[in-house]
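Trainee: Encoded as structure tokens, here's the structure I'll be asking about.
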Amino acid sequence: MDSLLHVTAVLSVVLLAMVLISLRRAHIRVEYSVSWLLAAVAMLLLSLSRPVLDAITRWTGVPDSPLTLFLITGTVFLVMFFRFSVIISHLRDDNVALTQRVAMLEYRVRSFEQE
Amino acid sequence: MNRASGADALLVIVPALNEEGAIGEVVRQIRQHVPDVPVLVIDDCSEDGTIGVARAAGADVLPLAHHLGLGGCVQAGYKLAYELGFEYVIRVDGDGQHDARDIPAILERLKSTGCEMVIGSRFVEENGSSTGMVRGLGIRFFRMVLRPILGKPVRDPTSGFVGVNRRALEVFARSFPLEYPEIEALVVLQRRRFRFEEVPVKMHPRLAGRSTITPRKSLYYIVHVLLGVFVNILKYDGRPRPGRGG
């Protein structure tokens, strides 16, 4: 079971590196990288600190520690995906409103030019 | 067209996407049957000559910079109509299915009843209009769903041949469903205790081109609209974000 924790630790480091590289290349904005960085660091810390994980496992009554880690990770990512869906919805609304506004302004400019 | 002329000014809006083959005739028919009424074609980023054909036929055109879908397209027309001060707006589809001869009846019903929305309905009285089997089933299904929500029957909830007055225009300029607007718009009005009526109209097969509706899209439509209806029932209005599409 420890090997699963090692895999998770490696995956967390890869995720951390990906986010940092993306930040450096300006592929992701700082405000949207914070939740990824926090999730990656939390995953890394939990997979490296077995006593903490075991304590959470005993407290929650989950059968074993790696399963606890995956449950926590899954929950964190679900929350993040939901948050991004909210952000995308806001962006879509803004995008529609802007497109309509530009079209209306262009229409009115054209009308005035024709007069 | 810069401002509405007169207190009872009507604007006819025509949402269009790649309707080069039909839009000219649609605009001409409207201008023939309601000669002094401005016609605004809202072009949802067509890739063909829709804009040119519409202008040549005598319509004003509101060209969108990128594709928004039917709801976003119609809402752009509502927003412009509201800003320009129009009292009534009637929406006619750009594919030629709606008969421009029915526009005066819709306008007259809007004026005489004072209700916020008038739907041009194929099913108020038998008039030879027909729908496909799948669409017919969908219409019956949504009639059943909407009956308890609206508190009265609606015979043709998917009709896009719709007239609204300025009160509805104000609401729709702020909040309007983006993808499949007809059914959800009824629920939006119901939330404000607005009234709607139906008048009999005749609908024709589309003048040109092919419908993009497929069985898979029909299923998606039903799920999407059902969800939209229930979301609109539960919606918390809260503090509106500026310029929100709805």
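Read the figures in this text as sums done on the coordinates, not as results from a lab. Since the structure is predicted, the reported quantities are computational estimates derived from the model, not experimental observations. Backbone-built Cβ (ideal geometry, glycine too); neighbour counts: all protein chains shown.
Trainee: Identify which of B:146, B:178, B:137 has the largest mean-square fluctuation in a Gaussian network model of chain B, with springs joining Cα atoms closer than 10 Å.
Mentor: Checking each option, the largest mean-square fluctuation is seen for B:137.
Trainee: Taking a cut-off of 26 Å, what percent of all Cα-Cα pairs in the protein assembly as shown are separated by more than that?
Mentor: 58
Trainee: A follow-up question, please. At 222 nm, what helix-only mean residue ellipticity would the protein assembly as shown give, in deg cm²/dmol to the nearest 500, using -39500 (n - 2.57) for each DSSP H run of four or more?
Mentor: -19500 deg cm²/dmol
Trainee: Volume per residue, Å³, of the convex hull around the alpha-carbon atoms of the stretch A:2-114?
Mentor: 110
Trainee: Okay, next question. Given DSSP loops and a limit of at most 10 other Cβ atoms within 10 Å, what is the longest stretch of chain B that contains no such GluC sites (Glu not before Pro)?
Mentor: B:127-246
Trainee: If each residue of separation counts as 0.36 nm, what is the full-extension length gain between residue A:71 and residue A:50 once their alpha-carbon separation is subtracted?
Mentor: Extra length available between residue A:71 and residue A:50 comes to 6.0 nm.
Trainee: Which residues does the label zone of residue A:35 cover in the stretch A:75-98, counting backbone N under 18 Å from a point 7 Å along Cα→Cβ?
Mentor: What the label zone holds, given the 18 Å backbone N cut-off, is A:75-94.
Trainee: Using 7 Å Cα-to-Cβ label points, what is the residue A:11/residue B:227 separation (nm, one decimal)?
Mentor: Reported label-point gap for residue A:11 and residue B:227 is 2.6 nm.
Trainee: While we're looking at this one, here's another question. State which entries of B:111/B:202; B:111/B:235; B:202/B:235 exceed 27 angstrom in Cα-Cα distance in the structure shown.
Mentor: Violating the 27 Å Cα-Cα cut-off are B:111/B:235; B:202/B:235.
Trainee: If eta is 1.002 mPa s and T is 20 °C, what Stokes-Einstein diffusion coefficient results for the stretch B:162-210, Kirkwood Rh from Cα pairs, in µm²/s?
Mentor: Estimated via Stokes-Einstein, D reaches 169 µm²/s.
Trainee: Let me know the longest stretch in chain A that avoids all trypsin sites (Lys or Arg not before Pro) found in a DSSP loop with at most 13 other C-beta atoms within 10 Å.
Mentor: Between exposed loop sites, the widest span is A:30-115.
Trainee: What does the stretch B:1-78 give for Rg and for Dmax, in Å, if only its C-alpha atoms count?
Mentor: For the stretch B:1-78, the Cα radius of gyration and maximum Cα-Cα distance read 12.1, 37 Å.
Trainee: Sticking with this one: What list of ³J(HN,Hα) couplings, whole Hz, do you get for the stretch B:49-59 from phi and the Karplus terms 6.51, -1.76, 1.60, once you set θ to phi - 60° and write x for glycine and proline?
Mentor: x, 3, 4, x, 5, 5, 5, 4, 7, x, 8
Trainee: Sticking with this one: Checking understanding here: applying a Kyte-Doolittle mean of at least 0.0 and a length along the axis of at least 24 Å (C-alpha), which whole DSSP H helices in chain A pass?
Mentor: Length and hydropathy pass: A:2-24, A:30-48, A:65-114.
Trainee: Another question, then. Which FRET efficiency value, to the nearest 0.05, do you get for residue A:90 and residue B:234 by plugging their Cβ-Cβ distance into 1/(1 + (r/R0)^6) with R0 = 25 Å?
Mentor: 0.85
Trainee: Rounded, prolate or oblate: pick one for chain B, where a ≥ b ≥ c are the square roots of the eigenvalues of its C-alpha gyration tensor, a/c under 1.5 means rounded, and failing that, prolate if a/b is larger than b/c, else oblate.
Mentor: In terms of gyration-tensor shape, rounded.
Trainee: Let me ask something additional. Please build a GNM for chain A, connecting alpha carbons under 10 Å apart, and tell me which residue among A:43, A:80, A:104 fluctuates the most.
Mentor: Sorting by GNM fluctuation, first place goes to A:104.
Trainee: Kyte-Doolittle mean at least -0.5 and Cα extent at least 24 Å along the axis: which DSSP H helices of chain B qualify?
Mentor: What comes out of the filter, once short or polar helices are dropped, is B:133-150, B:215-234.
Trainee: Starting from the stretch A:1-108, pick out the chymotrypsin sites (Phe, Trp or Tyr not before Pro) whose DSSP state is loop and whose Cβ has at most 15 other Cβ atoms within 10 Å.
Mentor: Listed in order of number, the matching sites amount to none.
Trainee: Still on this structure, please answer the following. Rounded to the nearest Å, what's the spacing between the alpha carbon centres of the stretch A:38-57 and the stretch B:24-51? Just the number, please.
Mentor: Using only Cα atoms to place each centre, the spacing works out to 63 Å.
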